[in-house]
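Here, each number is a calculation from the coordinates, and none is a lab measurement. Small disclaimer: the values here were computed from a predicted structure and weren't measured. Every residue, glycine as well, gets a Cβ built from its backbone with ideal geometry; the counts of neighbours run over all protein chains shown.
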Amino acid sequence: MSYTAEAFQNEFLALGATEVNAIVTVTSSGAEGGRRTSGATEIIIVDASGSMQAEGRIAAARQAAKTAVESIDDGVHFAIIAGVSTAQQLFPAPGQLAVSSPDSRAEAVRSIDRLQASGGTAIGAWLLLAAQLFSQRPGDIAHAILLTDGENGERPGYLESVLDSIGGRFVCDSRGVGTNWKVSELRKIAEAMLGTVDIVAKPAGLAAAFQEMMTKAMGKTSGDVQLKVWTPVNSTVRFVKQVEPEVMDLTGKRVADGARAGRYPIGSWGSESRDYHVCIDVTSGAAGDEMLAARVSVVEGDDVLAQTLVRAVWTEDTALSTRINRQVAHYTGQAELADVIQAGIEARKAGDDRTATIKFGRAAQLAHETGNKQTEELLATVVDIEDAATGTVRLRRKVEAADEMALDTRSTKTVRVGRSNQ
Amino acid sequence: MTTTDCASCADERAAGVAFCEACGNKLTEDEPGPADTADTRSAPAPTAPASSADPKSCPHCGTADSVGADGYCENCGMLAARPRDHIEVDLAEVAAAVTDRGQRHHRNEDAMWLVGHPGYVDAVVSDGVSSSFDPDLASQVAADIAGAALGGDGSRKLTFLSPEQLAEMLAERLSGAIVQAGAAVAELAAGGDPRRAVSNPACTIVAATVRGQFVDVGWVGDSRAYWLPAEGPAEQLTEDDSWATHAIALGADPETAMRDPKAHAITAWLGADAGPVRPRTAGFTVTAPGHLVLCSDGLWNYLTDPARFAGTVRDALDGKSLLDAARQLAKFANAAGGADNITVVLIPVAPAHPEHTEYKE
């Protein structure tokens, strides 16, 4: 498995400047022949609460779970959890993991037919059971799929405390079916578990969504990869954010590694490429001074897989220091885009149309400027965009709940800056 | 030497106008007083790695044994030194050259080439355009490619040439070497860091051949060659491809032109955006001993007056080895502010022995 790390930045700073920004692109070739460097465990969590009876959701969920099971590679450990008021293991026997084979998958598919919708939603308990099952296989690439259709029924704060205790132990991709679930709840899970969140508005779309998640999960060939950021004395990391394929703030996930370095979990990797925005506060240098502001490494355990340098060079030449780096500008815009969309949705819900119009207007402008067509299209379902360039929008009187939730969940999706014309 | 866009003239990059120097101000006023008005920052010591301390201790924060393999201090992050910060070439009596980072630039974007033996010297000085991307690579490639091309292909049959034939051949070779260097520098835009495609690596070049008493130079940009006779002012052999030179040629008052902020903007360079490279050449036959001096604007910016230039170089040469003289000139420019990278090559040239009227190449 080979990785590359490359920093994009304008290293030239005006005298007195102390903020260093860089976009670090991490690319992995994936393991040779797609072979994993470690074992893998997959857990499918299906909401089986009473509300799943509506709109034929439970039937669609059964079909989706079967599709997912059939996509599990031979040799991968797996389990299925039925989510009701408590967590119940649907397959295999409670407390155990099955080893994927044509026989075990067929058995799992048969067990899925027993899945009945009744009871409540207890996402914290479901995730806790998943974490217990994963703990049998330390070192595995651990991935879970979570499907729900409603708001969590556990006491307030319980889900958060569970996430605190299991965060980083496995990657969890969440999907909400219908429109009765809470985007903010699933986003919390995505952020804590380094996963994705998305809406599946119609139950008919579930099988395709599960298939896609499984294909991606099975493509992961290495597990717990981390970004290690070294900074010199008197310098601090202001933030580390994943900015592509979606925005994810990793700053709070820092685990100290010696006096001057910290590790940020970046999850499991297959053959793929992601971008990170690293922002460092340094002490200013004199004209002509060059400082290593950060040494960014991709690490797995003690192995350094790739490394790149973020530099700061102080110059009196304003032609150099005022140069705008395309990557940094692009992703700064994309991160702001996610923020203003979420702020716009909040304001609209609170009945503050004026703020909502301003936020969505700015969002339309940013989506347009950064070429994020998908987000622009999603925005157009919530507001009428009169002029994207100036950010002139009008709130739509009637907005489908599914459209607004899609905009909310996908607001963090970014597009990559065109590498050819930087 | 630096180029940038200017708000007052929309098309200058296309028109080839570019600014000079870190400050972008009237450099003619920056001329130093006597060398004892030295900048408070110390000039590099005359010998190569300046510090006598442990090379692995940090010159910035003083932490012992803290400089890592990549040259940065593991404590304060400061770059300890780059190999190109100060380079010397010593050909004893034949020639000497020094290139130095100066005081205000973070790296040395000048490069040089110097090879030779008595009566046969090839030299190149190239200065990377600071505002381009990877200018240090541009100048290095230009100096290496042009320098190698000056030596001929080695397989050439030795032929006896008349002075006229030799002059023509050397002019062609200098032009060819610079064009070849230009092509190599232009190619850099397509490889490596993609930012090179936007702000392609660019540089100036001045190349010289000394064959016995015959001195030939070729250039693009504002790196210069001077002939320094035993007495009197230095004679500039090159004519800068710069805004000021252009304006003066069109009739502008030289002093006013040199004080213009655009004075040092270069109008020709090597690089992907340079268009066709048309090197200019000049040559002459030495009739009395003197020195051929090649230098980047990091030196001549402080010595725009030919008489002062001559005086300063003669002082440096006085009783010293060529290398010490070159070091002394780098030190002079550093003491004067070291606003740019400094490169200087010194090549003594003497008239031919009366019996040698033909030259073998």
Query raised in the report: When only DSSP loop residues count, what GluC sites (Glu not before Pro) in segment B:180-265 have their Cβ near at most 10 other Cβ atoms within 10 Å?
Result: B:Glu231
**Report entry** Between 0 and 90°, nearest 10: helix A:326-349 axis offset from chain A longest Cα axis
**Finding:** 50 degrees
Report summary line: Taking only the alpha-carbon atoms of segment B:260-354, the convex hull volume per residue, in cubic angstrom, is 151 Å³
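Please identify every one of the trypsin sites (Lys or Arg not before Pro) in segment B:258-361 that sits in a loop by DSSP and has no more than 14 other beta carbons within 10 Å of its own beta carbon.
Details: sites: B:Arg259, B:Lys262, B:Arg280, B:Arg308, B:Arg314, B:Lys320, B:Arg327, B:Lys331, B:Lys360; in loops: B:Lys262, B:Lys320.
Listed in order of number, the matching sites are B:Lys320.
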Query raised in the report: Considering only DSSP states other than H, G, I, E and B, which trypsin sites (Lys or Arg not before Pro) in segment A:1-78 qualify as loop sites with at most 13 other Cβ atoms within 10 Å?
Result: A:Arg35
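Between A:Ser2 and A:Glu377, 0.36 nm times their residue separation minus their Cα-Cα distance comes to what? Mind showing how you got there, number by number?
Numbers: separation 375, 0.36 × 375 = 135.00 nm, distance 3.65 nm.
Computed gain between A:Ser2 and A:Glu377 is 131.4 nm.
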Query - Angle in degrees between helix A:401-410 and the longest Cα principal axis of chain A, rounded to the nearest 10 - result: 50 degrees
Query - Of B:Cys295, B:Ile266, A:Phe239, farthest towards positive along the dipole that unit charges on Lys, Arg, Asp, Glu beta carbons give the protein assembly as shown - result: A:Phe239
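I want to verify the translational diffusion coefficient of segment A:25-90 in µm²/s; compute it with Stokes-Einstein, Rh as the Kirkwood radius over Cα pairs, at 20 °C and 1.002 mPa s.
Working: Rh = 14.2 Å.
Using the Kirkwood radius from Cα pairs, D works out to 151 µm²/s.
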Report task. Tally the DSSP beta bridges in chain A and give the antiparallel ones as a percent, rounded to 5. Result -> 70 percent
Query - Estimated Rh, segment A:158-271: Kirkwood, alpha-carbon pairs, angstrom - result: 15.8 Å
Query raised in the report: Per the Kirkwood formula on distinct C-alpha pairs, the Rh of the protein assembly as shown is how many angstrom?
Result: 30.4 Å
Query raised in the report: What are the lysines whose alpha-carbon lies under 23 Å from the alpha-carbon of B:Lys262, with same-chain residues fewer than 8 places away excluded?
Result: B:Lys26
Report task. Would you kindly calculate the mean projected area, averaged across all directions, of the convex hull enclosing the Cα atoms of segment A:107-184, in square nanometres? Result -> 6.3 nm²
Requested in this report: Mind giving me the nanometre distance, one decimal, between the label points for A:Val255 and B:Asp193, set 7 Å out from Cα along Cα→Cβ?
Outcome: 3.4 nm
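Given only helices, namely DSSP H runs of n ≥ 4 each adding -39500 (n - 2.57), what is the per-residue ellipticity at 222 nm of the protein assembly as shown, to the nearest 500 deg cm²/dmol? Please report the intermediate quantities before stating the final value.
Details: 20 runs with 224 residues, N = 783.
Counting only the DSSP helices, I get -8500 deg cm²/dmol.
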Query raised in the report: If the viscosity is 1.306 mPa s and the temperature 10 °C, what Stokes-Einstein diffusion coefficient in µm²/s follows for chain A when Rh is the Kirkwood radius over Cα pairs?
Result: 70 µm²/s
Query - Cα-centre dipole for chain A with unit charges at Cβ (Lys and Arg positive, Asp and Glu negative), debye to 20 - result: 460 debye
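Just the C-alpha atoms of segment A:283-336: what Rg/Rh do they give, with Rh taken as the Kirkwood radius? Kindly include the intermediate steps, with their values, before the conclusion.
On the way: Rg = 14.9 Å, Rh = 13.7 Å.
With Rh from the inverse mean 1/r over Cα pairs, Rg/Rh is 1.09.
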Query raised in the report: Tilt of helix A:353-369 relative to the longest C-alpha principal axis of chain A, in degrees (0 to 90, nearest 10)?
Result: 70 degrees
Report summary line: Taking a straight Cα-to-Cα line shorter than 17 Å from A:Lys188, and setting aside same-chain aspartates and glutamates fewer than 8 residues away, one finds A:Asp149, A:Glu151, A:Glu154, A:Glu160, A:Asp164, A:Asp173, A:Asp198, A:Glu246, A:Asp249, A:Asp339, A:Glu346, A:Asp408
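From the cross-link list A:Lys216/A:Lys349; A:Lys66/A:Lys253; A:Lys66/A:Lys202; A:Lys202/A:Lys413; A:Lys241/A:Lys413, which pairs have alpha carbons spaced over 24 Å apart? Please list the in-between numbers first.
On the way: A:Lys216/A:Lys349 34 Å; A:Lys66/A:Lys253 34 Å; A:Lys66/A:Lys202 18 Å; A:Lys202/A:Lys413 21 Å; A:Lys241/A:Lys413 13 Å.
Check vs 24 Å cut-off fails for A:Lys216/A:Lys349; A:Lys66/A:Lys253.
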Query raised in the report: Going by how many other beta carbons lie within 10 Å of each one, how would you line up A:Leu309, B:Leu299, B:Leu250, A:Leu292, fewest first?
Result: B:Leu250, A:Leu309, A:Leu292, B:Leu299
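Compute the FRET efficiency between A:Ser85 and A:Ser273 as 1/(1 + (r/R0)^6), taking r as their Cβ-Cβ distance and R0 = 45 Å, and round to the nearest 0.05.
Values: r = 42 Å, r/R0 = 0.93.
Between A:Ser85 and A:Ser273 the formula returns 0.60.
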Query raised in the report: So what are the ³J(HN,Hα) numbers for segment B:230-246, from phi and the Karplus equation (6.51, -1.76, 1.60; θ = phi - 60°), rounded to whole Hz, Gly and Pro as x?
Result: 4, 8, x, x, 6, 9, 7, 7, 9, 10, 4, 8, 9, 4, 4, 4, 5
**Report entry** Size descriptor, Kirkwood hydrodynamic radius, that averages inverse alpha-carbon separations across segment A:289-408, Å
**Finding:** 16.8 Å
**Report entry** Added length on full extension, which subtracts the Cα-Cα distance from 0.36 nm per residue, A:Glu386 to A:Ala401
**Finding:** 3.2 nm
